[in-house]
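Participant: Encoded as structure tokens, here's the structure I'll be asking about.
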Amino acid sequence: MAENDNWVALLKLSTVEMDEVEAVEVNGLKLAVFHLEDGSVHVTRNVCTHEFALLSEGWFEGCEIECPLHAGRFDVRTGEALCSPLKENLKTYAAKVEDGVVFAKLPIEARL
């Protein structure tokens with residue numbers, strides 16, 4: 001399978017306002033699409049690494065998402081866990097925008 005086969009269309013960029021986050025699910029893989037103030041788009045897992053919580057329901061500002069359960073924060077650009085109680089970084093995925101559509105490079109199994 002060619003490397004480009006891993007790119008999966010997630011949503012239209014116009015559905016995610018600047019400085020907002022949108023939840024997306026692809027074959028059971030919960031994702032969060034972040035549209036940063038600088039216009040960049042980032043895709044991460046939507047589940048906190050500390051305890052099950054959907055990050056898209058948390059507070060998002062700048063490039064940080066705060067978990068709605070215990071206020072742990074992640075940098076959505078890198079997935080870096082920024083404070084306690086977080087001990088594990090967040091999974092991030094390569095993202096691109098083509099013709100107004102956000103794509104993420106996902107594991108092959110997410111495409112099944």
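Participant: How large are Rg and Dmax for the chain when only the alpha carbon atoms are used, in Å?
Facilitator: Using the Cα atoms of the chain, the pair Rg, Dmax is 13.4, 41 Å.
Participant: Further, regarding this structure: Run the paramagnetic zone check for HIS70: 7 angstrom along Cα to Cβ, then residues of the stretch 84-108 with backbone nitrogen under 18 Å.
Facilitator: 84-91
Participant: Remind me, relative contact order of the chain in percent, using alpha carbon pairs under 8 angstrom and six or more residues apart?
Facilitator: Relative contact order of the chain: 28 percent.
Participant: Where is the GNM fluctuation largest for the chain (alpha-carbon springs, 10 angstrom cutoff): PHE60, PHE52, PHE74?
Facilitator: It is PHE52.
Participant: If you don't mind, another one. For the ranges 78-89, 23-34, what's the packing order if you count other beta-carbon atoms within 10 Å of each residue, average per peptide, and put the highest first?
Facilitator: Descending mean neighbour count gives 23-34, 78-89.
Participant: Tell me, how many Å apart are the Cα centres for the stretch 43-112 and for the stretch 10-30?
Facilitator: 11 Å
Participant: How far is it, in nm, from the label point at GLU61 to the one at MET18 when both lie 7 Å from their Cα along the line to the Cβ?
Facilitator: Between GLU61 and MET18, the simple spin-label model gives 1.9 nm.
Participant: Taking the Cα centre of the chain as origin, sum charge times position over the Cβ atoms of Lys and Arg (+1) and Asp and Glu (-1), and report the length of that vector in debye to the nearest 20.
Facilitator: That gives a dipole near 400 debye.
Bear in mind that the values in this text are calculations on the coordinates, not laboratory data. Note that this is a predicted model, so its numbers are computed, not measured. All Cβ positions, glycine included, derive from the backbone under ideal geometry; neighbour counts span all protein chains shown.
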